[in-house]
1. Just to compare against my own numbers: the Cα pair-distance distribution for the range 23-86, 10 Å bins, whole % per bin, please.
2. Spelling out what I want: for every residue of the range 22-36, take phi, set θ = phi - 60°, compute 6.51 cos²θ - 1.76 cosθ + 1.60 (Karplus), and round to whole Hz; glycine and proline get x.
3. Could the peptides 57-66, 72-81 be put in order, highest first, of the mean number of other beta-carbon atoms found within 10 Å of their residues?
4. Give the carbon-plus-sulfur fraction of the accessible surface of the range 23-86 in %, rounded to a whole number; probe 1.4 Å, heavy atoms of protein chains only.
5. Starting from the 7 Å offset along Cα-to-Cβ, what nm value, one decimal, do you get for the label separation of ASP80 and ALA64?
6. Can you tally the net charge around MET37? Count Lys and Arg as +1, Asp and Glu as -1, for every other residue whose Cβ sits under 14 Å from the Cβ of MET37.
7. Mind checking the full-extension length gain between ARG23 and ASP49? Use 0.36 nm per residue of separation minus the Cα-Cα distance, one decimal, nm.
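The values are calculated or read from the model by the stated rules, or taken from the named source; none is laboratory data. Model, not experiment: these values are computed from the prediction. Neighbour counts are summed over all protein chains in view; Cβ atoms, including those assigned to glycine, are modelled from backbone coordinates with ideal geometry. Just so you know, the surface numbers come from the protein's heavy atoms only, side chains and all, with ligands and any DNA or RNA stripped out. Shrake-Rupley method; radii C 1.70, N 1.55, O 1.52, S 1.80 Å.
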Amino acid sequence: MRPCSVGPAPAALVDPGDPSGPRVRDDMTVEVALAVMASARVGCLLVCDEDDQHTDSVTEAQLAVVRDGSAYTDRVRVRDVLDLRRTPGALALSC
């Protein structure tokens with residue numbers, strides 16, 4: 001994998017191979033994940049399973065697209081964003 005891209009705001013790159021970057025579980029809400037990104041000043045988060053093993057990554061842009069969508073509620077989880085990304089044509093952004 002390659003480092004995640006970042007938005008126009010100053011942000012650090014997160015290397016998915018680096019275990020010291022910000023990590024979240026897929027059951028975290030989109031709002032909380034965005035708050036973690038803002039706090040850590042990164043454009044991408046590593047997604048981990050219950051054994052704290054890196055399984056995926058998600059970008060701020062991917063979360064923002066879902067949050068700004070008409071179907072968004074405060075119950076949408078990071079796993080929902082990952083599922084959308086895996087559906088062909090559903091979300092054209094990837095990390």
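1. Binned Cα distances yield the sequence 24, 60, 16, 0.
2. Couplings: x, 10, 9, 8, 6, 8, 6, 6, 4, 4, 5, 4, 5, 5, 4 Hz.
3. On the way: 57-66: 20.8, 72-81: 15.2.
Ranked from most to least packed, the peptides come out as 57-66, 72-81.
4. Values: 1520 of 3420 Å².
Within the range 23-86, the accessible surface is 45 percent carbon and sulfur.
5. Taking the two extended label points, one gets 2.0 nm.
6. Numbers: positive: ARG23, ARG41, ARG67; negative: GLU31, GLU60.
Overall, the nearby charge balance is +1.
7. Working: separation 26, 0.36 × 26 = 9.36 nm, distance 0.99 nm.
Extra length available between ARG23 and ASP49 comes to 8.4 nm.
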